[in-house]
1. Determine one quarter of the surface area of the Cα convex hull of segment 285-346, which equals its mean projected area, and express it in nm² to one decimal.
2. With only Lys, Arg, Asp and Glu charged, each at its Cβ (+1 for the first two, -1 for the last two), find how big the charge dipole of segment 298-402 is about the Cα centre; round to the nearest 20 debye.
3. For the chain, take the longest principal axis of its alpha carbons; what is the angle in degrees between that and the long axis of helix 167-195, to the nearest 10 within 0 to 90?
4. R0 = 60 Å: FRET efficiency of LEU219 with ILE153, Cβ-based, nearest 0.05?
5. Find the Cα radius of gyration of segment 236-374, compare it with 2.2 N^0.38 Å by division, and give the number to two decimals.
6. Can you give me the pair-distance distribution of segment 141-244, C-alpha pairs, 10 Å bins, whole percents?
7. So what's the Cα pair-distance distribution over segment 319-465, bin width 10 Å, in %?
8. For the chain, what Kirkwood radius comes out of the mean inverse Cα-Cα distance, in Å?
Amino acid sequence: MTYLWVIIIYLTILVIVGAWRSRRVRTQDDFMVAGRNLSAKVLVGTLLATWIGSGSIIASAGLAYDKGLPALWFDAGVWVALIVLYLIAGRARKLAQYTVPDILELRYNKYARILGTIVTMVAYTAIVSYQFRAGGMVLNLITGIPVETGIIITAVFVIGYTVLAGLISVVYTDVVNGIIMTIGLFIALPFLISDAGGVSSIAERLPEMHLSVLGDMSLLEALGYSLPTMLLLLGESGMYQRFFSAKDEKAAKRSVLGWLAGTIIIETLIVVIAIIGRAIFTDIDSEMVILYSVRDALPLVIGCLCLAAIVAVIVSTADSFLLVPSTNLIRDIYQRFINPQASQKRILIYSRIVVVALGLFAFVQVTFFEKVLAMAIYAYTMYGVGITPVVMAAFFWKRATSAGGVSSIGSGMIVTVIWEILSQPWDIPTVYPALGVSIFCLVFVSLMTRKPDSSQLQPFFAGSI
């Protein structure tokens, strides 16, 4: 019960912070982009805490338990994406938009905005859904309550917290959560090595393939883990929303460097801890390995704080991925097409209503997948093939046209759904056919249609048209 009470107290503090921050929410800028006033240091913290959610703590760790070091292929796509994003961050902040669909209409047309919003809503509510599942798994391990009950508790907390103050409350608690979790994982490492009997003992207990580059995976399978994560991050709406929240272009660009360093360190640490956990815990659900390692290997006080931070990071990730589609529906559908003259007060009220509705939609999806990893790959692929090619083309390819962009988004989304319904024929990961069709449509249709007007290019290629 000690673990439970620490987590309750920790989350209560987050609620108090959220309620206090909610007093500063007066406008759309406050709720959606934190007043466009975030420093590089704050951005690094919130970007790290948003990305290192259950996709890393549960899915990546579970893959490391089953596959060993080859699980780093799941994370390697992120590291490549961050290098590319360094070139984009400042340019994205200069656009001073609110959402990725804002970018899509600016570069393509209103239909790209609508399709982009649909893809984001489908993919991001799936991501929120597996955060709910991860929260339920943690509460089950700590308290023994059924996972289903834990999922409900997590969902209620996430939805309520997001409704309070939007991005302005999430980003500052992200920083604290990320710091505590990172310190806890670093402290856990030597304790786990000691419990396992030392490095040599760990190596003896692990299958030989766990310490190789590919393990028992083919290169095609390994890239099937890397590509979805890389594609998701290159077009990830929550990340662009944080770039839009930066106080200036320099802060946005500098934040990527800190994010890259932190991500490499933390994700590698998670994989290593999971591998050591495999040598200690031989009969557990693979996706629970980090949770068992923290609970059983650390002194009580440190273990409590670390588990509380893990729960908080899961909540932070869910908050962020819930806020994005909510922002999209209000900004890109309601405000753009239904009521362009809506008052700031009405926008805030409707934003909070949409947060609740999408939170409930995410909760319904919990039963669709049994494993967090499977849900993550599906969501990453859906968004990555539907949005990322056109976002990258917006910044790097002047010849991309409106028709090419729209056809790319639509085809990527459709092929993803069909390939998943067919249960990945011939054991080919969904990302390959979906990405191939999306890029083909983008390139072929763009080359077959009239070049874009200079007005579409100017915001993205100022001075080089």
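Each reported figure results from applying straightforward, stated rules to the coordinates on display, with no laboratory input. Fair warning: this is a prediction, and the values are worked out from it, not measured in the lab. FYI the Cβ positions are ideal-geometry reconstructions off the backbone, even for glycines, and counts take in every protein chain you see.
1. Orientation-averaged projected area of the Cα hull: 6.5 nm².
2. Charge dipole, segment 298-402, about its Cα centre: 460 debye, nearest 20.
3. 30
4. So the FRET efficiency works out to roughly 0.90.
5. The reported ratio for this selection is 1.38.
6. 10, 18, 32, 31, 9, 0
7. Going out from 0 Å in 10 Å bins, segment 319-465 shows 10, 28, 32, 24, 6, 0 percent.
8. 22.2 Å is the Kirkwood radius here.
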